[in-house]
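The values are calculated or read from the model by the stated rules, or taken from the named source; none is laboratory data. Given the structure is predicted, the values throughout are model-derived calculations rather than measurements. A quick note on method: Cβ atoms are made from the backbone with ideal geometry, for glycine too, and the neighbour counts reach across all protein chains shown. Surface accessibility is based on the protein's heavy atoms, side chains included, excluding ligands, DNA and RNA. Shrake-Rupley method; radii C 1.70, N 1.55, O 1.52, S 1.80 Å.
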Amino acid sequence: MKNLGSYLLFLFSLVKRSESPGILFKRTIDEAVLIGIDSVFIVGVVSTFIGAVTCVQISYNLTNAFIPNSTIGFMVREMTILELAPTITSIVLAGKVGSNIAGGLGTMRITEQVDALEVMGINSASYLVLPKILASVFVFPMLVVIAMFLSILGGYLAGTLSGALSGQEYITGLRSEFIPYNITFALIKSVVFAFLISTISSYKGFFTTGGALEVGESSTKAVTNSVIAVLIADYVCAQVLL
Amino acid sequence: MIEIHNIHKTFGDKKVLDGIDGVFESGKMNMLLGASGTGKSVLLKCIVGLVKPDLGSITYDGRIFTNNKLDIRQEIRRKIGMLFQGSALFDSMNVNENVEFPLTMLTDMNRTERKKRVEFCLQRVGLENAGNLMPSELSGGMKKRVGIARAIAPHCTYLFCDEPNSGLDPLTAITIDELIKEITEEYDITTIVVTHDMNSVLEYGDNVMFLYKGKKLWEGHSSGIMDTRVKELNDFIFSNRLMRDAKKIEQIEENEQRDEDIRNGEV
Ligand SMILES: Nc1ncnc2c1ncn2[C@@H]1O[C@H](COP(=O)(O)OP(=O)(O)OP(=O)(O)O)[C@@H](O)[C@H]1O
Ligand SMILES: [Mg+2]
(Lines give C-alpha, C1' and ligand atoms only; values in the text may rest on other atoms or scores of the structure.)
(Ligands and ions follow the chains in the order given, each with its own letter.)
Protein backbone atom coordinates (compact mmCIF):
# COMPACT_ATOMS: atom_id res chain seq x y z
CA MET A 1 0.00 0.00 0.00
CA LYS A 2 2.83 2.35 0.91
CA ASN A 3 4.51 1.30 -2.32
CA LEU A 4 1.38 2.13 -4.27
CA GLY A 5 1.26 5.56 -2.68
CA SER A 6 4.83 6.43 -3.52
CA TYR A 7 4.31 5.00 -7.01
CA LEU A 8 1.42 7.41 -7.53
CA LEU A 9 3.44 10.30 -6.11
CA PHE A 10 6.23 9.35 -8.50
CA LEU A 11 3.82 9.47 -11.45
CA PHE A 12 2.62 12.85 -10.30
CA SER A 13 6.17 14.19 -10.03
CA LEU A 14 6.75 13.28 -13.68
CA VAL A 15 4.21 15.72 -15.02
CA LYS A 16 4.90 18.45 -12.51
CA ARG A 17 7.42 20.97 -13.95
CA SER A 18 8.67 18.94 -16.89
CA GLU A 19 11.27 20.14 -19.37
CA SER A 20 10.48 22.15 -22.46
CA PRO A 21 8.35 20.38 -25.10
CA GLY A 22 11.19 20.48 -27.61
CA ILE A 23 13.56 18.54 -25.37
CA LEU A 24 10.80 16.16 -24.32
CA PHE A 25 9.95 15.46 -27.96
CA LYS A 26 13.54 14.81 -28.93
CA ARG A 27 14.13 12.53 -25.94
CA THR A 28 10.92 10.64 -26.66
CA ILE A 29 11.93 9.99 -30.25
CA ASP A 30 15.36 8.79 -29.09
CA GLU A 31 13.80 6.42 -26.60
CA ALA A 32 11.21 5.22 -29.10
CA VAL A 33 13.96 4.31 -31.54
CA LEU A 34 15.81 2.45 -28.80
CA ILE A 35 12.76 0.57 -27.54
CA GLY A 36 11.25 -0.07 -30.96
CA ILE A 37 14.20 -1.07 -33.11
CA ASP A 38 15.77 -3.12 -30.35
CA SER A 39 12.62 -5.11 -29.74
CA VAL A 40 11.43 -5.84 -33.26
CA PHE A 41 13.55 -8.94 -33.61
CA ILE A 42 12.56 -10.65 -30.37
CA VAL A 43 8.89 -9.71 -30.85
CA GLY A 44 9.04 -11.08 -34.39
CA VAL A 45 10.57 -14.38 -33.38
CA VAL A 46 8.27 -14.92 -30.42
CA SER A 47 5.06 -14.03 -32.22
CA THR A 48 5.82 -16.13 -35.31
CA PHE A 49 6.35 -19.17 -33.15
CA ILE A 50 3.35 -18.45 -30.96
CA GLY A 51 1.20 -18.34 -34.11
CA ALA A 52 2.72 -21.53 -35.39
CA VAL A 53 2.26 -23.39 -32.13
CA THR A 54 -1.32 -22.17 -31.78
CA CYS A 55 -2.13 -23.42 -35.25
CA VAL A 56 -0.54 -26.82 -34.73
CA GLN A 57 -2.25 -27.36 -31.39
CA ILE A 58 -5.66 -26.33 -32.61
CA SER A 59 -5.42 -28.64 -35.57
CA TYR A 60 -4.30 -31.42 -33.24
CA ASN A 61 -7.39 -30.91 -31.08
CA LEU A 62 -9.84 -30.50 -33.96
CA THR A 63 -10.39 -34.11 -34.93
CA ASN A 64 -14.11 -33.84 -35.55
CA ALA A 65 -14.74 -34.26 -39.28
CA PHE A 66 -17.84 -32.04 -39.16
CA ILE A 67 -15.80 -28.96 -38.30
CA PRO A 68 -14.30 -27.45 -41.44
CA ASN A 69 -10.54 -26.95 -41.56
CA SER A 70 -10.98 -23.23 -42.04
CA THR A 71 -12.01 -23.04 -38.37
CA ILE A 72 -8.32 -23.43 -37.57
CA GLY A 73 -7.52 -20.17 -39.36
CA PHE A 74 -10.43 -18.49 -37.66
CA MET A 75 -9.33 -19.61 -34.22
CA VAL A 76 -5.71 -18.66 -34.74
CA ARG A 77 -6.84 -15.19 -35.73
CA GLU A 78 -9.14 -14.80 -32.75
CA MET A 79 -6.64 -16.06 -30.23
CA THR A 80 -3.64 -14.14 -31.48
CA ILE A 81 -5.37 -10.82 -32.05
CA LEU A 82 -7.37 -10.83 -28.86
CA GLU A 83 -4.96 -12.32 -26.44
CA LEU A 84 -1.66 -13.71 -27.56
CA ALA A 85 -0.24 -10.84 -29.59
CA PRO A 86 -0.86 -8.05 -27.05
CA THR A 87 -0.28 -10.06 -23.90
CA ILE A 88 2.63 -12.28 -24.88
CA THR A 89 4.32 -9.38 -26.64
CA SER A 90 3.91 -7.27 -23.53
CA ILE A 91 5.28 -9.99 -21.30
CA VAL A 92 8.27 -10.37 -23.57
CA LEU A 93 8.72 -6.61 -23.57
CA ALA A 94 8.35 -6.51 -19.79
CA GLY A 95 11.41 -8.70 -19.70
CA LYS A 96 13.35 -6.80 -22.28
CA VAL A 97 12.29 -3.16 -21.98
CA GLY A 98 11.40 -3.33 -18.30
CA SER A 99 14.75 -4.68 -17.19
CA ASN A 100 16.50 -2.27 -19.51
CA ILE A 101 14.66 0.74 -18.07
CA ALA A 102 15.14 -0.34 -14.45
CA GLY A 103 18.79 -1.28 -14.95
CA GLY A 104 19.59 1.93 -16.78
CA LEU A 105 17.89 4.20 -14.26
CA GLY A 106 19.29 2.22 -11.34
CA THR A 107 22.81 2.59 -12.65
CA MET A 108 22.31 6.30 -13.19
CA ARG A 109 21.04 6.59 -9.64
CA ILE A 110 23.90 4.80 -7.92
CA THR A 111 26.60 6.52 -9.99
CA GLU A 112 25.12 9.91 -9.02
CA GLN A 113 24.13 10.77 -12.59
CA VAL A 114 20.61 11.44 -11.33
CA ASP A 115 22.06 13.73 -8.66
CA ALA A 116 24.09 15.51 -11.31
CA LEU A 117 20.88 16.27 -13.21
CA GLU A 118 19.18 17.46 -10.04
CA VAL A 119 22.06 19.79 -9.19
CA MET A 120 21.70 21.37 -12.60
CA GLY A 121 18.13 22.21 -11.61
CA ILE A 122 16.63 19.65 -13.96
CA ASN A 123 13.66 17.58 -12.85
CA SER A 124 15.46 14.29 -13.27
CA ALA A 125 12.32 12.19 -13.00
CA SER A 126 10.55 13.93 -15.80
CA TYR A 127 13.70 14.33 -17.90
CA LEU A 128 14.65 10.67 -17.70
CA VAL A 129 11.39 8.85 -17.17
CA LEU A 130 8.65 10.71 -19.01
CA PRO A 131 10.19 10.14 -22.47
CA LYS A 132 10.49 6.42 -21.72
CA ILE A 133 6.81 6.20 -20.83
CA LEU A 134 5.66 8.21 -23.82
CA ALA A 135 7.90 6.21 -26.12
CA SER A 136 6.60 2.91 -24.74
CA VAL A 137 2.98 3.95 -25.08
CA PHE A 138 3.71 5.02 -28.64
CA VAL A 139 5.80 2.03 -29.71
CA PHE A 140 4.10 -0.92 -27.97
CA PRO A 141 0.95 -0.80 -30.13
CA MET A 142 3.13 -0.82 -33.25
CA LEU A 143 5.00 -3.83 -32.01
CA VAL A 144 1.71 -5.52 -31.19
CA VAL A 145 0.46 -4.92 -34.73
CA ILE A 146 3.63 -6.50 -36.04
CA ALA A 147 3.12 -9.37 -33.63
CA MET A 148 -0.47 -9.90 -34.81
CA PHE A 149 0.62 -10.00 -38.39
CA LEU A 150 3.56 -12.32 -37.79
CA SER A 151 1.69 -14.75 -35.57
CA ILE A 152 -1.02 -15.13 -38.18
CA LEU A 153 1.71 -15.65 -40.74
CA GLY A 154 3.38 -18.16 -38.43
CA GLY A 155 0.09 -20.03 -38.16
CA TYR A 156 -0.22 -20.06 -41.93
CA LEU A 157 3.26 -21.45 -42.38
CA ALA A 158 2.87 -24.10 -39.70
CA GLY A 159 -0.57 -25.12 -40.95
CA THR A 160 0.36 -25.44 -44.57
CA LEU A 161 3.80 -26.93 -44.04
CA SER A 162 2.48 -29.59 -41.68
CA GLY A 163 -0.35 -30.33 -44.08
CA ALA A 164 -3.06 -29.70 -41.50
CA LEU A 165 -4.95 -27.46 -43.87
CA SER A 166 -4.51 -25.76 -47.22
CA GLY A 167 -3.57 -22.14 -47.60
CA GLN A 168 -6.97 -21.41 -49.09
CA GLU A 169 -8.78 -22.90 -46.09
CA TYR A 170 -6.62 -20.91 -43.66
CA ILE A 171 -7.39 -17.68 -45.45
CA THR A 172 -11.09 -18.46 -45.62
CA GLY A 173 -10.97 -18.97 -41.86
CA LEU A 174 -9.10 -15.74 -41.33
CA ARG A 175 -11.71 -13.77 -43.20
CA SER A 176 -14.81 -15.22 -41.58
CA GLU A 177 -16.76 -13.25 -38.99
CA PHE A 178 -14.12 -10.59 -38.50
CA ILE A 179 -14.89 -8.10 -35.72
CA PRO A 180 -12.86 -4.89 -36.15
CA TYR A 181 -13.43 -3.93 -32.51
CA ASN A 182 -11.11 -6.77 -31.48
CA ILE A 183 -8.20 -4.92 -33.01
CA THR A 184 -9.14 -1.74 -31.16
CA PHE A 185 -9.46 -3.74 -27.97
CA ALA A 186 -6.01 -5.26 -28.45
CA LEU A 187 -4.45 -1.90 -29.13
CA ILE A 188 -6.08 -0.36 -26.04
CA LYS A 189 -4.69 -3.25 -24.03
CA SER A 190 -1.23 -2.74 -25.44
CA VAL A 191 -1.29 0.94 -24.45
CA VAL A 192 -2.35 0.00 -20.91
CA PHE A 193 0.38 -2.64 -20.71
CA ALA A 194 2.98 -0.22 -22.07
CA PHE A 195 2.06 2.32 -19.42
CA LEU A 196 2.22 -0.25 -16.64
CA ILE A 197 5.51 -1.78 -17.71
CA SER A 198 7.31 1.50 -18.29
CA THR A 199 6.07 3.20 -15.13
CA ILE A 200 6.64 0.24 -12.82
CA SER A 201 10.11 -0.38 -14.21
CA SER A 202 11.01 3.29 -14.02
CA TYR A 203 9.76 3.47 -10.47
CA LYS A 204 11.81 0.45 -9.43
CA GLY A 205 14.92 1.69 -11.20
CA PHE A 206 14.66 5.31 -10.20
CA PHE A 207 14.52 4.57 -6.48
CA THR A 208 17.39 2.11 -6.39
CA THR A 209 19.68 2.63 -3.42
CA GLY A 210 23.01 0.95 -2.78
CA GLY A 211 25.27 -0.58 -5.36
CA ALA A 212 25.49 -2.81 -8.39
CA LEU A 213 23.82 -5.66 -6.52
CA GLU A 214 20.75 -3.58 -5.85
CA VAL A 215 20.57 -2.53 -9.50
CA GLY A 216 20.23 -6.20 -10.42
CA GLU A 217 17.58 -6.61 -7.76
CA SER A 218 15.61 -3.63 -9.07
CA SER A 219 15.70 -5.07 -12.57
CA THR A 220 14.35 -8.38 -11.39
CA LYS A 221 11.62 -6.74 -9.34
CA ALA A 222 10.74 -4.49 -12.25
CA VAL A 223 10.19 -7.50 -14.50
CA THR A 224 8.24 -9.64 -12.03
CA ASN A 225 6.02 -6.77 -10.90
CA SER A 226 5.37 -5.67 -14.48
CA VAL A 227 4.40 -9.16 -15.56
CA ILE A 228 1.95 -9.52 -12.68
CA ALA A 229 0.51 -6.08 -13.39
CA VAL A 230 0.09 -6.95 -17.07
CA LEU A 231 -1.78 -10.14 -16.30
CA ILE A 232 -4.08 -8.44 -13.80
CA ALA A 233 -4.72 -5.61 -16.24
CA ASP A 234 -5.41 -8.17 -18.96
CA TYR A 235 -8.18 -9.65 -16.86
CA VAL A 236 -9.60 -6.26 -15.91
CA CYS A 237 -9.57 -5.09 -19.54
CA ALA A 238 -11.38 -8.21 -20.66
CA GLN A 239 -14.05 -7.69 -17.99
CA VAL A 240 -14.53 -4.01 -18.68
CA LEU A 241 -14.10 -3.73 -22.43
CA LEU A 242 -15.56 -6.93 -23.86
CA MET B 1 28.43 34.01 -0.60
CA ILE B 2 26.99 30.91 0.98
CA GLU B 3 26.16 30.72 4.66
CA ILE B 4 25.38 27.54 6.49
CA HIS B 5 24.13 27.43 10.01
CA ASN B 6 23.93 24.59 12.48
CA ILE B 7 23.71 21.73 9.97
CA HIS B 8 22.85 18.36 11.46
CA LYS B 9 22.49 15.09 9.62
CA THR B 10 22.01 11.59 10.91
CA PHE B 11 21.82 8.39 8.86
CA GLY B 12 20.05 5.75 10.91
CA ASP B 13 21.72 6.11 14.29
CA LYS B 14 24.97 7.37 12.80
CA LYS B 15 25.51 11.07 13.37
CA VAL B 16 27.40 12.34 10.33
CA LEU B 17 27.10 16.11 10.69
CA ASP B 18 26.86 17.59 14.16
CA GLY B 19 26.09 21.27 14.02
CA ILE B 20 28.27 22.83 11.34
CA ASP B 21 28.40 26.58 10.80
CA GLY B 22 30.29 28.37 8.11
CA VAL B 23 30.54 31.24 5.70
CA PHE B 24 31.90 30.69 2.20
CA GLU B 25 32.81 33.95 0.52
CA SER B 26 32.94 34.51 -3.19
CA GLY B 27 36.21 34.87 -5.03
CA LYS B 28 38.01 32.78 -2.47
CA MET B 29 39.12 29.18 -2.34
CA ASN B 30 36.99 27.71 0.43
CA MET B 31 38.27 24.29 1.35
CA LEU B 32 36.79 21.48 3.38
CA LEU B 33 39.47 19.30 4.83
CA GLY B 34 39.09 16.08 6.75
CA ALA B 35 39.81 12.39 6.90
CA SER B 36 37.82 9.84 4.94
CA GLY B 37 34.31 9.31 6.27
CA THR B 38 34.04 12.53 8.27
CA GLY B 39 31.07 13.76 6.26
CA LYS B 40 32.63 16.15 3.76
CA SER B 41 30.67 14.81 0.81
CA VAL B 42 27.51 14.69 2.88
CA LEU B 43 27.98 18.34 3.86
CA LEU B 44 28.45 19.30 0.23
CA LYS B 45 25.32 17.38 -0.71
CA CYS B 46 23.41 19.13 2.05
CA ILE B 47 24.53 22.47 0.68
CA VAL B 48 23.29 21.69 -2.84
CA GLY B 49 20.14 20.07 -1.46
CA LEU B 50 20.72 16.49 -2.58
CA VAL B 51 20.65 15.43 1.05
CA LYS B 52 18.12 17.05 3.32
CA PRO B 53 19.69 18.14 6.60
CA ASP B 54 17.78 17.19 9.73
CA LEU B 55 18.31 20.65 11.11
CA GLY B 56 19.96 23.87 10.03
CA SER B 57 19.73 26.49 7.34
CA ILE B 58 21.58 27.31 4.14
CA THR B 59 21.44 30.60 2.31
CA TYR B 60 22.82 31.52 -1.09
CA ASP B 61 23.63 35.24 -1.29
CA GLY B 62 21.00 35.89 1.30
CA ARG B 63 18.33 33.71 -0.32
CA ILE B 64 17.13 30.90 1.85
CA PHE B 65 17.70 27.53 0.18
CA THR B 66 16.66 24.88 2.69
CA ASN B 67 12.93 24.18 2.80
CA ASN B 68 12.23 26.91 0.31
CA LYS B 69 9.86 26.48 -2.60
CA LEU B 70 11.00 24.07 -5.26
CA ASP B 71 11.00 26.76 -7.94
CA ILE B 72 13.39 28.91 -5.97
CA ARG B 73 15.63 25.97 -5.21
CA GLN B 74 15.67 25.03 -8.90
CA GLU B 75 16.50 28.59 -9.83
CA ILE B 76 19.46 28.63 -7.45
CA ARG B 77 20.56 25.23 -8.61
CA ARG B 78 20.76 26.37 -12.19
CA LYS B 79 23.65 28.55 -11.08
CA ILE B 80 25.53 25.66 -9.48
CA GLY B 81 28.35 23.76 -11.08
CA MET B 82 29.30 20.59 -9.29
CA LEU B 83 31.98 17.99 -9.62
CA PHE B 84 31.00 14.74 -7.91
CA GLN B 85 33.49 12.56 -6.11
CA GLY B 86 32.81 9.77 -8.62
CA SER B 87 32.61 12.24 -11.54
CA ALA B 88 29.00 11.19 -12.37
CA LEU B 89 29.44 11.56 -16.11
CA PHE B 90 26.42 10.62 -18.21
CA ASP B 91 27.56 7.30 -19.55
CA SER B 92 25.29 7.32 -22.57
CA MET B 93 26.98 10.45 -23.88
CA ASN B 94 30.51 11.03 -25.12
CA VAL B 95 32.82 13.62 -23.58
CA ASN B 96 31.74 16.45 -25.87
CA GLU B 97 28.06 15.76 -25.22
CA ASN B 98 28.66 15.57 -21.48
CA VAL B 99 30.23 19.01 -21.40
CA GLU B 100 27.66 20.40 -23.81
CA PHE B 101 24.72 19.04 -21.83
CA PRO B 102 24.40 21.82 -19.22
CA LEU B 103 24.85 24.39 -21.98
CA THR B 104 21.93 22.92 -23.91
CA MET B 105 19.76 22.65 -20.85
CA LEU B 106 20.60 25.81 -18.94
CA THR B 107 21.73 28.46 -21.41
CA ASP B 108 20.38 29.82 -24.65
CA MET B 109 23.63 29.53 -26.55
CA ASN B 110 23.32 28.40 -30.15
CA ARG B 111 25.08 25.39 -31.52
CA THR B 112 28.31 27.08 -32.61
CA GLU B 113 28.63 28.96 -29.34
CA ARG B 114 28.16 25.73 -27.45
CA LYS B 115 30.73 23.90 -29.57
CA LYS B 116 33.21 26.68 -28.95
CA ARG B 117 32.59 26.69 -25.21
CA VAL B 118 32.96 22.90 -25.04
CA GLU B 119 36.23 23.09 -26.91
CA PHE B 120 37.46 25.85 -24.62
CA CYS B 121 36.53 24.00 -21.43
CA LEU B 122 38.07 20.73 -22.58
CA GLN B 123 41.21 22.55 -23.51
CA ARG B 124 41.35 24.11 -20.06
CA VAL B 125 41.43 20.65 -18.49
CA GLY B 126 43.85 19.33 -21.08
CA LEU B 127 41.45 17.00 -22.87
CA GLU B 128 41.08 18.68 -26.24
CA ASN B 129 41.59 15.37 -28.06
CA ALA B 130 39.25 13.24 -25.98
CA GLY B 131 35.98 14.75 -27.15
CA ASN B 132 34.69 11.67 -28.94
CA LEU B 133 35.50 9.13 -26.25
CA MET B 134 32.80 7.57 -24.11
CA PRO B 135 33.11 7.78 -20.30
CA SER B 136 33.82 4.06 -20.14
CA GLU B 137 36.92 4.66 -22.24
CA LEU B 138 38.39 7.24 -19.86
CA SER B 139 40.77 6.79 -16.96
CA GLY B 140 39.67 7.90 -13.50
CA GLY B 141 41.66 11.10 -13.70
CA MET B 142 40.30 11.91 -17.15
CA LYS B 143 36.76 11.45 -15.86
CA LYS B 144 37.52 13.91 -13.08
CA ARG B 145 38.72 16.44 -15.60
CA VAL B 146 35.68 16.00 -17.84
CA GLY B 147 33.55 16.42 -14.70
CA ILE B 148 35.28 19.72 -14.00
CA ALA B 149 34.85 20.85 -17.59
CA ARG B 150 31.14 20.06 -17.34
CA ALA B 151 30.84 21.91 -14.03
CA ILE B 152 32.48 25.09 -15.27
CA ALA B 153 30.96 25.08 -18.77
CA PRO B 154 27.84 27.16 -18.05
CA HIS B 155 29.49 30.10 -16.22
CA CYS B 156 28.26 29.09 -12.80
CA THR B 157 27.94 31.37 -9.79
CA TYR B 158 28.63 28.61 -7.30
CA LEU B 159 31.17 25.88 -7.85
CA PHE B 160 31.46 22.76 -5.73
CA CYS B 161 34.25 20.27 -6.26
CA ASP B 162 34.38 17.01 -4.35
CA GLU B 163 38.03 15.98 -4.41
CA PRO B 164 38.91 17.49 -7.77
CA ASN B 165 42.48 16.25 -7.76
CA SER B 166 42.37 12.90 -6.03
CA GLY B 167 43.64 10.24 -8.39
CA LEU B 168 45.54 12.72 -10.51
CA ASP B 169 49.29 12.92 -10.95
CA PRO B 170 50.92 15.88 -9.13
CA LEU B 171 51.33 17.93 -12.27
CA THR B 172 47.74 17.57 -13.45
CA ALA B 173 46.56 18.10 -9.87
CA ILE B 174 48.30 21.48 -9.80
CA THR B 175 46.83 22.40 -13.17
CA ILE B 176 43.34 21.61 -11.90
CA ASP B 177 43.85 23.55 -8.68
CA GLU B 178 45.17 26.49 -10.67
CA LEU B 179 42.17 26.30 -12.98
CA ILE B 180 39.69 26.30 -10.11
CA LYS B 181 41.47 29.19 -8.44
CA GLU B 182 41.64 31.16 -11.66
CA ILE B 183 37.95 30.94 -12.50
CA THR B 184 37.04 31.56 -8.87
CA GLU B 185 38.90 34.83 -8.85
CA GLU B 186 38.19 35.83 -12.42
CA TYR B 187 34.40 35.46 -12.19
CA ASP B 188 34.17 36.06 -8.45
CA ILE B 189 32.27 32.81 -7.93
CA THR B 190 31.72 31.05 -4.64
CA THR B 191 33.82 27.94 -4.62
CA ILE B 192 33.91 25.09 -2.15
CA VAL B 193 36.53 22.41 -2.64
CA VAL B 194 36.57 19.17 -0.67
CA THR B 195 40.03 17.74 -0.40
CA HIS B 196 42.48 15.53 1.46
CA ASP B 197 45.43 16.99 -0.34
CA MET B 198 47.58 19.07 2.01
CA ASN B 199 49.58 20.44 -0.90
CA SER B 200 46.59 22.14 -2.44
CA VAL B 201 45.33 23.28 0.96
CA LEU B 202 48.62 24.97 1.79
CA GLU B 203 49.00 26.45 -1.65
CA TYR B 204 45.47 27.63 -2.40
CA GLY B 205 43.33 27.54 0.76
CA ASP B 206 41.99 31.01 1.50
CA ASN B 207 39.50 29.69 3.98
CA VAL B 208 40.05 26.19 5.27
CA MET B 209 37.61 24.26 7.43
CA PHE B 210 38.77 21.14 9.16
CA LEU B 211 36.02 18.59 9.81
CA TYR B 212 36.43 15.82 12.29
CA LYS B 213 33.68 13.32 13.10
CA GLY B 214 30.96 15.66 11.95
CA LYS B 215 32.25 18.71 13.78
CA LYS B 216 34.21 21.69 12.59
CA LEU B 217 37.35 21.78 14.71
CA TRP B 218 39.35 24.46 12.98
CA GLU B 219 38.83 27.26 10.50
CA GLY B 220 41.15 29.84 9.06
CA HIS B 221 43.60 30.81 6.35
CA SER B 222 45.93 28.05 5.23
CA SER B 223 48.96 30.07 6.35
CA GLY B 224 47.96 29.46 9.94
CA ILE B 225 47.29 25.77 9.62
CA MET B 226 50.80 24.59 10.53
CA ASP B 227 50.70 26.43 13.83
CA THR B 228 47.44 24.93 14.96
CA ARG B 229 47.08 23.58 18.46
CA VAL B 230 44.12 21.36 17.53
CA LYS B 231 45.45 17.89 18.12
CA GLU B 232 43.25 16.13 15.54
CA LEU B 233 44.30 18.58 12.84
CA ASN B 234 47.92 18.22 13.80
CA ASP B 235 47.61 14.46 13.55
CA PHE B 236 45.92 14.85 10.19
CA ILE B 237 48.58 17.15 8.79
CA PHE B 238 51.53 15.21 10.07
CA SER B 239 50.19 11.86 9.01
CA ASN B 240 51.45 13.04 5.64
CA ARG B 241 55.00 11.79 5.31
CA LEU B 242 56.40 14.83 3.56
CA MET B 243 54.86 17.09 6.16
CA ARG B 244 56.28 14.93 8.91
CA ASP B 245 59.72 15.07 7.34
CA ALA B 246 59.41 18.82 6.99
CA LYS B 247 58.43 19.05 10.63
CA LYS B 248 61.34 16.81 11.60
CA ILE B 249 63.80 18.93 9.68
CA GLU B 250 62.32 21.99 11.34
CA GLN B 251 62.78 20.41 14.73
CA ILE B 252 66.30 19.25 13.99
CA GLU B 253 67.17 22.75 12.89
CA GLU B 254 65.55 24.15 16.02
CA ASN B 255 67.47 21.73 18.18
CA GLU B 256 70.72 22.53 16.42
CA GLN B 257 70.02 26.21 16.88
CA ARG B 258 69.33 25.66 20.58
CA ASP B 259 72.46 23.55 20.96
CA GLU B 260 74.43 26.26 19.29
CA ASP B 261 72.84 28.91 21.50
CA ILE B 262 73.69 26.87 24.54
CA ARG B 263 77.24 26.39 23.30
CA ASN B 264 77.52 30.07 22.53
CA GLY B 265 76.13 30.83 25.96
CA GLU B 266 78.65 28.56 27.55
CA VAL B 267 81.53 30.06 25.69
N1 LIG C 1 23.19 7.84 1.92
C2 LIG C 1 23.81 7.45 3.02
N3 LIG C 1 23.23 6.58 3.86
C4 LIG C 1 23.84 6.20 5.00
N5 LIG C 1 25.03 6.62 5.39
C6 LIG C 1 25.68 7.48 4.61
C7 LIG C 1 25.10 7.95 3.38
N8 LIG C 1 25.96 8.82 2.81
C9 LIG C 1 27.02 8.87 3.63
N10 LIG C 1 26.86 8.09 4.70
C11 LIG C 1 27.80 7.94 5.81
O12 LIG C 1 28.23 9.22 6.17
C13 LIG C 1 29.60 9.21 6.51
C14 LIG C 1 30.32 10.33 5.80
O15 LIG C 1 30.36 10.06 4.43
P16 LIG C 1 31.01 11.05 3.39
O17 LIG C 1 30.79 10.47 2.06
O18 LIG C 1 30.54 12.43 3.63
O19 LIG C 1 32.55 10.97 3.77
P20 LIG C 1 33.71 11.85 3.20
O21 LIG C 1 34.15 12.76 4.30
O22 LIG C 1 33.32 12.48 1.93
O23 LIG C 1 34.83 10.77 2.96
P24 LIG C 1 35.79 10.55 1.70
O25 LIG C 1 36.93 11.46 1.93
O26 LIG C 1 36.20 9.14 1.80
O27 LIG C 1 35.03 10.87 0.49
C28 LIG C 1 30.13 7.83 6.16
O29 LIG C 1 30.38 7.15 7.34
C30 LIG C 1 29.02 7.17 5.40
O31 LIG C 1 28.91 5.83 5.80
MG1 LIG D 1 33.69 12.22 -0.01
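Structure data summary
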item: Order by protection proxy (mean Cβ within 10 Å, highest first), peptides B:150-158, A:195-203; result: A:195-203, B:150-158
item: Shielding by partners, peptide B:69-75 (average Cβ within 10 angstrom, other chains); result: 2
item: Probe 1.4 Å, protein heavy atoms only - accessible area per residue of the stretch B:50-152 in square angstrom; result: 49
item: Taking N as its residue count, the alpha carbon Rg of the stretch A:21-241 over 2.2 N^0.38 Å; result: 1.18
item: Backbone N under 19 Å from the A:Thr184 label point (7 Å along Cα→Cβ), restricted to the stretch A:85-122; result: A:86
item: Dipole magnitude of chain A, debye to nearest 20 (Cβ charges: Lys/Arg +1, Asp/Glu -1, about Cα centre); result: 260
item: Efficiency of FRET from Cβ geometry, A:Gln239 and A:Glu217, R₀ 25 Å, rounded to 0.05; result: 0.15
item: Karplus (6.51, -1.76, 1.60) ³J(HN,Hα), θ = phi - 60°, over the stretch A:45-61, in Hz, Gly and Pro reported as x; result: 4, 4, 6, 4, 6, 4, x, 4, 5, 4, 4, 5, 5, 5, 5, 5, 7
item: Lysines with Cα under 19 Å of B:Lys181, excluding same-chain neighbours fewer than 8 positions away; result: B:Lys28, B:Lys79, B:Lys144
item: With Cα atoms, 0 to 90° folded angle of helix B:95-106 axis to chain B main axis; result: 70
item: Label point distance in nm, B:Ile64-B:Thr112, each placed 7 Å from Cα along Cα→Cβ; result: 4.7
item: Under Karplus coefficients 6.51, -1.76 and 1.60, residue-wise ³J(HN,Hα) of the stretch A:147-157 in Hz, glycine/proline x; result: 5, 4, 4, 5, 6, 5, 5, x, x, 4, 4
item: Fluctuation leader among B:Val99, B:Val208, B:Val230 - chain B, Gaussian network, Cα springs under 10 angstrom; result: B:Val230
item: Residues of chain A: accessible area per residue with a 1.4 Å probe, Å²; result: 47
item: Accessible area of the protein assembly as shown belonging to carbon and sulfur atoms, whole % at 1.4 Å probe; result: 60
item: Neighbouring partner chain Cβ atoms per residue of B:149-158, average, 10 Å criterion; result: 1
item: Within-9-Å neighbourhood charge of B:Tyr204 [Cβ basis; K, R +1; D, E -1]; result: -3
item: Ellipticity estimate at 222 nm from DSSP helix runs (n ≥ 4, -39,500 (n - 2.57)) divided over the protein assembly as shown, nearest 500; result: -20000 deg cm²/dmol
item: Degrees, to the nearest 10: B:170-187 long Cα axis against longest axis of chain B; result: 70
item: Chains A and B together, accessible area buried on both sides, 1.4 angstrom probe, square angstrom; result: 1700
item: Accessible area of A:Ile42 in the full protein assembly, 1.4 Å probe (Å², nearest 10); result: 60
item: Within-14-Å neighbourhood charge of B:Glu97 [Cβ basis; K, R +1; D, E -1]; result: +2
item: Average partner coverage of A:100-112, which counts Cβ from other chains inside 10 Å; result: 2
item: Segment B:His196-B:Asp245, length gained on full extension (0.36 nm per residue, minus Cα span); result: 15.8 nm
item: Calculated from backbone phi, Karplus (6.51, -1.76, 1.60) coupling profile of the stretch B:206-212 in Hz, x at Gly/Pro; result: 7, 9, 10, 10, 9, 9, 9
item: Stokes-Einstein diffusion coefficient of the protein assembly as shown, Kirkwood radius over Cα pairs, 25 °C, 0.890 mPa s, in µm²/s; result: 92
